[in-house]
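Where a number appears in this text, it was derived from the coordinates with a stated rule and is not lab data. Everything numeric in this text was worked out from a predicted model, so none of it was measured. In this analysis, Cβ positions are derived from the backbone assuming ideal geometry, glycine residues included, and neighbour counts consider all displayed protein chains.
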Amino acid sequence: MIITRANLNEVLFENHDARLLIEEVVTNTSANLYYYHEVEISVKMAIDIYNRAHQADEEERFYSVSFLQYSRAGVDTTSKASKKSLSSVS
């Protein structure tokens with residue numbers, strides 16, 4: 001499911017800080033967040049997503065993340081469009 005402000009109550013968060021960060025992202029950025037039930041969003045994940053989403057908006061590029069990928073250790077969650085934009089900046 002794509003996380004929206006309307007369905008935040010269906011998402012499992014580590015604590016209220018993580019919820020506030022994700023709520024800010026879905027309200028004020030163009031990021032797409034794909035959530036899978038039973039995945040808990042930690043504060044660390046939320047901070048990372050918050051920073052990446054705002055950076056993508058500032059650079060006018062697309063950002064999408066899947067929490068299923070976040071639940072697997074060591075998987076890069078940057079979307080292909082974001083990777084392309086990042087590699088062109090380097």
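Figures for the structure shown
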quantity	calculated
Point-to-point label distance, residue 10-residue 55, nm (Cα→Cβ direction, 7 Å offset)	3.0
The range 18-67: chymotrypsin sites (Phe, Trp or Tyr not before Pro) in DSSP loop, at most 16 other beta carbons within 10 Å	36, 62
